[in-house]
1. Say whether the condition of being surrounded by 14 or more Cβ atoms within 10 Å (Cβ to Cβ), aromatic (Phe, Trp, Tyr), under 11 Å from Val11 (Cα atoms) and in contact with a Ser or Thr (Cβ under 6 Å, 6 or more places away or on another chain) is met by at least one residue in the stretch 27-37.
2. Quick check on my filter: what residues within the stretch 53-67 are under 15 Å from the mean Cα position of the chain (by Cα) and surrounded by fewer than 13 Cβ atoms within 10 Å (Cβ to Cβ)?
3. Return only the number of the condition from (1) without any contact (Cβ under 8 Å) to a residue 60 or more places away in the chain; (2) surrounded by 13 or more Cβ atoms within 10 Å (Cβ to Cβ) that Asn85 does not satisfy.
4. Any chance the stretch 28-37 includes a residue that's more than 16 Å from Ala7 (Cβ to Cβ) and either under 12 Å from the mean Cα position of the chain (by Cα) or part of a helix (DSSP H, G or I) (or both)?
5. Out of curiosity, is Ala61 touching a residue at least 24 places away in the same chain (Cβ under 8 Å) and under 21 Å from Ala89 (Cβ atoms)?
6. Just checking, does the stretch 71-81 include any residue being modelled with pLDDT of 95 or more and over 15 Å from the mean Cα position of the chain (by Cα)?
7. Would you mind stating whether Leu77 is part of a helix (DSSP H, G or I), surrounded by 13 or more Cβ atoms within 10 Å (Cβ to Cβ), in contact (Cβ under 8 Å) with a residue 60 or more places away in the chain and among the aliphatic types (A, V, I, L, M)?
Amino acid sequence: MMQLANAGADVSRSFRHRREGRMEDSEAAFERAMELFYLIGEDPKNKTRLKEILRARAVYADLYAGINEFNFTEEWLDGYFMDFNYLAAIQRER
């Protein structure tokens, strides 16, 4: 959960920086998020969630590129990752 929360933070940063016109920061956050998605997918403990992880990566890359073939919004994607942030916060409290 923590891994997807971290990827989600970079997803949010990439969109926020782009809205602010900070393209270099946006692209750096995009690259970090994509690298995290790759590493999360390679982690054996995520084997049962691999399909979801790969789909989230594809939706994000598609939306960031401006294609939006999957018909999602930045707000929806932020909400999706916010759930992982919430779960990660609960796990930290234990």
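1. Looking only at the stretch 27-37, we keep the residues that are surrounded by 14 or more Cβ atoms within 10 Å (Cβ to Cβ), and these are 27-30, 32-34, 36-37.
Filter once more, keeping what is aromatic (Phe, Trp, Tyr): 30, 37.
This time we only want the ones that are under 11 Å from Val11 (Cα atoms), so: 30, 37.
From the residues that got through so far, the ones that are in contact with a Ser or Thr (Cβ under 6 Å, 6 or more places away or on another chain) too are 30.
Yes, the stretch 27-37 contains at least one residue that is surrounded by 14 or more Cβ atoms within 10 Å (Cβ to Cβ), aromatic (Phe, Trp, Tyr), under 11 Å from Val11 (Cα atoms) and in contact with a Ser or Thr (Cβ under 6 Å, 6 or more places away or on another chain).
2. Step one: list which residues in the stretch 53-67 are under 15 Å from the mean Cα position of the chain (by Cα), which gives 53-65.
Arg55, Ala65 - these are the residues of the stretch 53-67 that are under 15 Å from the mean Cα position of the chain (by Cα) and surrounded by fewer than 13 Cβ atoms within 10 Å (Cβ to Cβ).
3. The failed condition is (1).
4. Step one: list which residues in the stretch 28-37 are more than 16 Å from Ala7 (Cβ to Cβ), which gives none.
No: the stretch 28-37 contains no residue that is more than 16 Å from Ala7 (Cβ to Cβ) and either under 12 Å from the mean Cα position of the chain (by Cα) or part of a helix (DSSP H, G or I) (or both).
5. Values: touching a residue at least 24 places away in the same chain (Cβ under 8 Å): yes; under 21 Å from Ala89 (Cβ atoms): no.
When the stated conditions are applied, Ala61 does not pass them.
6. yes
7. On the way: part of a helix (DSSP H, G or I): yes; surrounded by 13 or more Cβ atoms within 10 Å (Cβ to Cβ): yes; in contact (Cβ under 8 Å) with a residue 60 or more places away in the chain: yes; among the aliphatic types (A, V, I, L, M): yes.
Considered against the rule, which asks whether it is part of a helix (DSSP H, G or I), surrounded by 13 or more Cβ atoms within 10 Å (Cβ to Cβ), in contact (Cβ under 8 Å) with a residue 60 or more places away in the chain and among the aliphatic types (A, V, I, L, M), Leu77 comes out as yes.
The values are calculated or read from the model by the stated rules, or taken from the named source; none is laboratory data. Values in this document were obtained by computation on a predicted structure and should not be read as measured data. When we count neighbours, we look across all protein chains shown, and the Cβ atoms used for this are built from the backbone with ideal geometry, even at glycine.
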